Structure formats: C-alpha cells, structure tokens
DNA sequence: AACATAGCTGAACGATCGCTTGGAAACAAG
DNA sequence: CTTGTTTCCAAGCGATCGTTCAGCTATGTT
C-alpha cells in the first residue's frame, strides 16, 4: 500500500558508491549524491538515514560487487597458487584499465577516515583481515599439496601480499606510471616463486 | 617598520602540518587550523593566501622535515645496501611508534586529493619519483660495488620498494596489527637479500 | 469513488564552511 | 610625540553544508 518507490535501492547505492569511490567522503556533498542518484533529499534520508548511512551502504555494496569480482577466485575453499597468481597479475595490469585512478574505495576510506570514523576503521580492519585470510588459506592449501618449501612463512607472506596490494591502490589513485604497479606485482610473483617447491608444480594454465 | 608578527612562519606551519596529517585536508577546517596555530584568520590569509596555500606550505614543511628524517640516509650520494636496510627496518618497526596512525601526509593526500587537486597530484608524483630515485641510486651504487647479482632488476626493485612503503603507510593509518607492517618489511628484506651477492658483503654494523 | 498509506517535491532550516574587513594596537622613522 | 606602516582582533560576509518538512501525488484497499 502507498505510493511505490521510483528508484531501486541497489541502483542508487551503486551510483553513490561510484561517486564516493571517485571523490572520497568529505569531498562528496549530499547534493552531488542526490543529483547522481536521481533522487530527492527526502528519499536519500528515508532510505539511508544519513550521509554516513549511505556511505556504509556504499561500502557494503563495494564489498559485495567490486571486491567479489577481484577476489572471488581467491575466496574458493580450494584456492591455491594459481588463484594467488591470478590476483597478482590482475592488479599488476590494473594500471592499464580506465578508471584505475579511483584505486580502491576501502583503501581510500582508510586513509581519509579511519582515524576519525569508527565505522571506517572497522570496515578497513575487516578488509585487511579478509585479504590476509584468503591469502593465508590459499598458501596453506598449496602447502598441504606439498607445493611449498617447508619453511615458507605463510602468515608473513599473506600480510606482505595484502600490504603490497594497498600500495598498488595508492599508486593507481595517484596516477603514477603504470610500470610502478606492474613492477610491484612482478616482484611479489618473484618472491612467491621462491617459496614454491618445483618450478613445474603448476598445473596447465586455465583459459 | 610596522607591527612585528607575533608568530613565526615555521612554527605555525608545523602546527598546521600536524593537523592536516592527522585529519586530512577536507576534515580540517580553517577554524581548527587557526585555533591550533594560535593565529587569527587574518594572519592565516595574510601569510598563506588560502587554505590550499597553507596546505601546500604544510606539504613543503613535511618534505623538508619529516621526509628528510625518514630518507636522509638514503639521499646520500654514496648510499648503498645498508641505507636501504635501515629504511626498511625503520618502517618495519614504525607500527610500534606512537602517532603511527597518522601514516604519511603525502600518502594520505594522494588518496584523498590526487584525482581532484592538481597540486596534490604533482606533489605525490614528486614523492614517488623521489622514492624511486633514491632507491635506484642506492641499488646502483651496490651494483657498482659488485655487491649485487648481475641480473638484479634495479628499476623494478626500486618501484617495488616504494609501493610497499605506501602499503605500509596505509596499514599504519588504518591501525591494523603492527605485525602486518613488520611482515611486509621482512619480506622486502628477504627479496633484497636475494639480489645481494655474498651474504658477507655487508660491512660491520654501524651504531 | 473515497480513504489510508507511503513516496515525491521544492523550499528552507540552523550550522558551518572558507574568507574578508574596519578599526584598534604595536612597532620604526622623523 | 607624530606619522606611516604593518599586524592583530572580533565580527560577520555570502555560500554551502547535512538535514528536515508541509503539501502534493500516486498507489492498494474497500
């Protein structure tokens, strides 16, 4: 009963997400947002409660769409070396893709908001924990398959991978030469190869 | 002639730098700034012209004080492996130091402002270029001293180091477990050791 | 057709933003 | 001391911030 909404929540959250992603939190005004979302202030506040509420929704949307696209492969229970390499390759080339200047919404949020906004610190902590978890899981799987040298420091490598990723996001956002991002990825791959047992332990490439 | 200033430019620029460093650009108001600087709005605008002018001055101050403290050793013409290791060690432990949640002013600036503010993109580009230059220089010196394996990819390593550094800054600002920052530094050291020729090529430790 | 309900609209709220200004205050030069 | 110059101070400028709301519109129900 009552008048039906003229928008769908996912669609307008997507638009808000893209604006926050590009400009950050403080540089994006509610007027910018309502304009981009094609919605009136009333609807924004009826649907999300506040600018911060909308931001949280945008972050959740980012996690459930963009991040899944980036790390979906790594999330698999049986992810292993191939999935790690895919992620490293993907971000190594990400400087070439248009829109790379947006970097990563959660990385941007952490430097802009983490110290002052509780919810941002939480979502960033969740993000880093997530990255380390999926990397650790894949490395552990590789170890269980006897594909890693015995002394491979799995936890340290996972934290290292996550840290390099953050650095790449910063480089992308700062629009530095894409070779820098590529170089970082290459060196991580080299380091990864050093804990891999046999150079031929990798199964045939997938398409 | 005329009334003398009741402030000194360096001192108030330092205070402004610290505030920008903590909170970022947009979250710091001119009222916050004048209060922290102990100065009236008039003096701020007489001295710096605008909020952006003050920010630029704060960035310059950051470069000439904080950054020199961090990378002064690496800047030396004859810097080599020892200086690289010192920097990696320093940032590896930086999670332990108080105030580490501030991260790096220029790294924070790049994610918050680089896409929208020309001057920020410039200062970030300058920063990354500087980092890569000093790392490259030190690596090249080590190569000239025959301390590196012949195939050491110097340019790529330098870009890699700079990228990891950025990632560490993000991690520090997000206040994640300091072990993450430590791990990243450790793995970079491991990678560095792999391009070093003899394990005993390092001269006795300095104090 | 009439009612109840929920969403849309445009205008505007108080607060804060970056920034300006007119007059008092503090120095150097004469 | 007077004059000229520069800075300090308090108040407040117009603009924009995040947010709200009374009145209208469109729907489901009866």
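Just so you know, all these numbers are worked out from the coordinates, no wet-lab data involved. Note that the coordinates shown come from a computational prediction; the quantities given were computed from them, not determined experimentally. Note that we place each Cβ from the backbone using ideal geometry, even for glycine, and neighbour counts take in every protein chain shown.
Take each residue of peptide B:182-190, count the partner chain Cβ atoms within 10 Å of its Cβ, and average: the result is 6.
Computed over chain B, the per-residue total of -39500 (n - 2.57) for DSSP H runs of n ≥ 4 gives a 222 nm mean residue ellipticity of -21000 deg cm²/dmol, rounded to 500. Against chain A, whose longest principal axis is taken from its Cα atoms, helix A:81-92 shows a tilt of about 50°. Multiplying the residue separation of residue A:150 and residue A:126 by 0.36 nm and subtracting their alpha-carbon distance yields 5.7 nm. A label point on residue B:42, set 7 Å along the Cα-to-Cβ line, lies at 4.8 nm from each of its counterparts in the other copies, closest listed first.
In nanometres and ascending order, the distances from the residue B:179 label point to those of the other copies are 3.9 (point 7 Å from Cα along Cα→Cβ). Relative to the dominant Cα principal axis of chain B, helix B:178-195 is inclined by about 40°. The packing ranking, built from the mean of other Cβ atoms within 10 Å per residue, places the peptides A:94-103, B:85-94 in the order B:85-94, A:94-103, highest first. Approximating the spin labels as points 7 Å out from Cα along Cα→Cβ, the residue B:119-to-residue B:50 distance works out to 0.8 nm.
What is segment B:103-193 by shape, rounded, prolate or oblate, if you read a ≥ b ≥ c off the alpha carbon gyration tensor as root eigenvalues and call it rounded for a/c under 1.5, prolate for a/b larger than b/c, and oblate otherwise?
It comes out oblate by the Cα gyration axes.
With a/c under 1.5 counting as rounded, go ahead and sort the protein assembly as shown into rounded, prolate or oblate using the C-alpha gyration tensor (a ≥ b ≥ c being the square roots of the eigenvalues; past the cut-off, prolate if a/b is larger than b/c, else oblate). Since a/c reaches 1.5 but b/c is at least a/b, the shape of the protein assembly as shown is classed as oblate.
Our summary gives chain A a relative contact order of 23 percent, counting only alpha carbon pairs under 8 angstrom and 6 or more residues apart.
Would you please classify the overall shape of segment B:71-115 from the alpha carbon gyration tensor, given that a ≥ b ≥ c denote the square roots of the eigenvalues, rounded means a/c under 1.5, and beyond that prolate means a/b larger than b/c while oblate covers the rest?
Here segment B:71-115 falls in the oblate category.
For the pair segment A:19-39 / segment B:132-184, the C-alpha centres are spaced 36 Å from each other.
Each other copy holds its own label point for residue B:3; taking that point as 7 Å from Cα along Cα to Cβ, the gaps run 5.8 nm, nearest first. Relative to the longest principal axis of the Cα atoms of chain A, helix A:9-23 runs at roughly 70 degrees.
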